[in-house]
Amino acid sequence: MMLRSRRVLVVCHCLLNSNAKVQPLAKVGGVHADVLKNYIDDGVGLLQLPCPELAYLGINRWGMTREQYDHPNFRSHCESISAPSVHQIEAFVQAGYEIVGIMGMDGSPNCGVNRTCLGYRGGEVAGLGDGGGGRNALRMVPGTGVFMEVLRAVLENKGLRISFLAVNEGNPCDNA
Ligand code: SF4
């Protein structure tokens, strides 16, 4: 008896590992079981994307905005780290499996799908919180994060049109 569902949900890294988030923020200890429970119960497999921020800046990075990440070298980084996932998605599609969707994290400068964060004004970290160039400048706006934008473009170039969905943690952008 074949048990496999032939259905796969692609998830942003921190849905399966909230330890990747900017310190010290995380809504759960590790896995967002609340978000994923129904998929798991339905037998949907999970394919975990890499965390572009962790891979680029490590675990001691500051929370940053979309403008700070949106530059050619970071986009190239996103393309290169997502390549193995894209190849796996392609392989599943080629074999007739269903990619249920790609689930990002709304509010993130990288993994936001419907909502991302802007607000860079320059300055030094020492100014954070003073309302001049730091946290008070942050704002949530409709839009896609850099990583999800790059991933979508790569998939579309390959003729893969997969629906993007997102979790909304209801946090400010630097939680992602
Ligand atoms: S939402 Fe943030 S912490 Fe989560 S995978 Fe994306 S970049 Fe990494």
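ARG61 meets all of the listed conditions (1) closer than 27 Å to HIS32 by Cα; (2) of a type in the set (Lys, Arg); (3) more than 12 Å from the ligand (Cβ to nearest atom) but one, namely (3).
Within the stretch 71-90, being exposed (fewer than 12 other Cβ atoms within 10 Å of the Cβ) and over 15 Å from LEU49 (Cα atoms) holds for HIS71, PRO72, ASN73, SER76.
Among the numbered conditions (1) without any contact (Cβ under 8 Å) to a residue 12 or more places away in the chain; (2) within 9 Å of the ligand (Cβ to nearest atom), the only one that LEU15 does not meet is (1). Quick one: in the stretch 78-97, which of the residues that are over 19 Å from LEU15 (Cβ atoms) and in a helix (DSSP H, G or I) is farthest from the ligand (Cβ to nearest atom)? Top of the filtered list is GLN94.
Of the numbered criteria (1) at pLDDT 95 or above; (2) closer than 21 Å to LEU165 by Cβ, the one LEU54 fails is (2). Against the conditions (1) at pLDDT 95 or above; (2) part of a loop (DSSP other than H, G, I, E, B), LEU155 satisfies every one except (2). Picking from residues in the stretch 39-52 that are more than 15 Å from ILE89 (Cα to Cα) and more than 13 Å from the ligand (Cβ to nearest atom), the one that is surrounded by the fewest Cβ atoms within 10 Å (Cβ to Cβ) is ASP41.
Here is a yes/no grid of residues against (1) away from the ligand (no atom under 16 Å from the Cβ); (2) part of a strand (DSSP E or B):
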{"residue": "ARG4", "(1), (2)": "yes, no"}
{"residue": "VAL10", "(1), (2)": "no, yes"}
{"residue": "PRO24", "(1), (2)": "no, no"}
{"residue": "LYS37", "(1), (2)": "yes, no"}
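Checking the stated criteria, ARG75 turns out not to satisfy the condition of being at positive phi and away from the ligand (no atom under 13 Å from the Cβ).
The values are calculated or read from the model by the stated rules, or taken from the named source; none is laboratory data. Everything quoted here is computed from the prediction, not taken from an experiment. Cβ atoms come from the backbone with ideal geometry, glycine included; neighbour counts cover every protein chain shown.
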